[in-house]
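Input: a single structure, listed below in C-alpha cells.
Values in this text are rule-based calculations from the coordinates and carry no lab data. Computed from a prediction, not measured in an experiment: that's the story for all the values here. Every residue, glycine as well, gets a Cβ built from its backbone with ideal geometry; the counts of neighbours run over all protein chains shown.
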Amino acid sequence: MREPSDRPPYPKSLDLARDRSLTIEWDDGVRSVIPLADLRKACPCAECRGRREAAPAAGEGLPVIGRQADLSTQTTAASAELVGHYALRILWQDGHDTGIFEFALLRRLGEAT
Ligand SMILES: [Zn+2]
C-alpha cells in the first residue's frame with residue numbers, strides 16, 4: 001500500500017475568475033487562490049523567463065514591457081485548458097498562450113500568497 005505522499009497533490013477543481021484569480025481545490029484538502037497578476041509574473045514559458053532574466057538592475061532604467069495599455073490584458077485570462085494530467089495552460093487576453101503551468105508550480109504559487 002502506498003503512502004499518500006507518494007504523489008503530488010492533484011487539483012480536484014479549478015475555478016478561473018478571468019479578471020481576478022485562479023482558485024484551486026487540491027485533493028489533499030488545501031485551497032489555493034492565486035491572483036492572476038502573480039500567475040502572469042511567474043509565467044514559465046521561455047519568452048517570459050528570458051524577459052525576467054534580462055531585466056537590468058534597479059537604477060539602470062527599466063525597460064518598457066509592453067505598452068501601459070496592455071497591462072490589464074496581460075493580467076486577464078481569456079481561457080485555460082488542462083495539458084495532459086500535469087499542467088494547466090492559460091491563454092491570456094493579450095494573446096499570450098505559451099505558458100504551461102505545472103501543478104507543482106501552481107501549488108507553490110498558491111502557498112506563496
Ligand atoms: Zn510567458
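Observations
- Residue 31 paired with residue 85, simple spin-label distance in nm, labels 7 Å along Cα-to-beta-carbon: 2.7
- Inter-label distance for residue 112 and residue 94, nm, one decimal - labels placed 7 Å from Cα along Cα-to-Cβ: 1.8
- Between residue 73 and residue 13, full extension at 0.36 nm per residue minus the direct alpha carbon distance yields a gain of 19.1 nm.
- Approximating the spin labels as points 7 Å out from Cα along Cα→Cβ, the residue 20-to-residue 104 distance works out to 3.1 nm.
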